[in-house]
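The values are calculated or read from the model by the stated rules, or taken from the named source; none is laboratory data. As the structure is a prediction and not an experimental result, all values here were calculated from the model. In this analysis, Cβ positions are derived from the backbone assuming ideal geometry, glycine residues included, and neighbour counts consider all displayed protein chains. The accessibility values were calculated without ligands, DNA or RNA, using every heavy atom of the protein model including side chains. Shrake-Rupley method; radii C 1.70, N 1.55, O 1.52, S 1.80 Å.
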Amino acid sequence: MKYEFSGRIRYSEVDENARLTLNGLVNYFQDTSTFQSEHLEVGIRYLKERHLAWILSSWQIAIRRLPRLCEPVTSQTWAYDFKSFYGMRNFALLDGNGEMAACANSIWVLFDTQQQRPVRVPQEMGNLYGKEPKLEMEYASRKISAPEGGLPEEAFLIGKQHLDTNHHVNNGQYITWAQEYLPEGFRIRQMRADYRMQARLHDEVTPVVSRLENQVTVQLCDTAGKPYSVVEFLSE
């Protein structure tokens, strides 16, 4: 089943040009999927009681335009497939005219928080979400290969403000961190994020940045140089 909610772009969601930020867009999409799960009564409490959590494996977000302050928008989401422990979900952000401003593909893993391993999506849960047709968009690989020769930036520590209800860094935080290394005037056409490890409170993160003409790739690494996440930006 498809789920949606409508609102207006808030001042707290815009950048210095009064347009929705990338982080704001990610939050719209995250909130929509969370609202759907809560509506279906398979949300945070349901999962916690069963020692389960949905862990994001990858994002691919295509941006046509970022709506402006006070614009009416509708955020939509739907599942289009379940395979083993994976759940695949599309998103769309529509403007007041019903035109698509942005769309996304995402891949999630159902995770057993006690056993610390992925588990198969129960059929009854998949039936609740149902399956809708897959969005027509150009699908990229889930995995991101970072170009060689990336340059390390100053490391930083993870604080409490970066954590979510799963007690690890929220997926949107990695995107916000990576965006700091974009050059001035870089207009994002597409963002991909490949999540590989869970970063937790007091972990140290070292960004490694690779810049090409129309592409910036940021690896957010642990002290051993292994990426927690790899984020890729393509410009218009």
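Each principal axis of the Cα cloud of segment 101-236 was taken in turn, and the coordinate range along them, longest first, works out to 47, 38, 26 Å. For segment 152-236, the solvent-accessible area of protein heavy atoms averages 50 Å² per residue (probe radius 1.4 Å; ligands and nucleic acids excluded).
Looking at segment 1-123, the accessible area is 49 square angstrom per residue; that uses a 1.4 Å probe and ignores ligands, DNA and RNA.
Only alpha carbons enter this Debye calculation for segment 98-181, each as an equal point scatterer, and the log10 of I(q)/I(0) it gives at q = 0.10, 0.14 Å⁻¹ is -0.46, -0.89. To put it simply, the accessible area of the chain at a 1.4 Å probe is 46 percent carbon and sulfur. Can you give the Kirkwood hydrodynamic radius for the chain, in Å, rounded to one decimal and based on Cα pairs? Hydrodynamic radius (Kirkwood, Cα only) of the chain equals 18.5 Å. The Cβ shell under 9 Å around residue 72 holds other residues with a net charge of -1, Lys and Arg each +1, Asp and Glu each -1.
Solvent exposure of residue 177, expressed as accessible area, is near 30 Å², computed with a probe of 1.4 Å over the protein chains only. All alpha carbon pair distances within segment 1-90 were sorted into 5 Å bins beginning at 0; the resulting P(r) in whole percents reads 3, 12, 20, 23, 17, 12, 8, 4, 1. Residue 28 contributes an accessible area of around 10 Å² to the protein surface, as traced by a 1.4 Å probe with all chains present. Measuring nothing but how far apart in sequence close Cα pairs (under 8 Å, 6+ apart) lie, relative to its length, the chain scores a relative contact order of 19 percent. When the listed pairs 48/226; 83/134; 83/160 are checked against a 26 Å cut-off, the alpha-carbon distance exceeds it for 48/226; 83/160.
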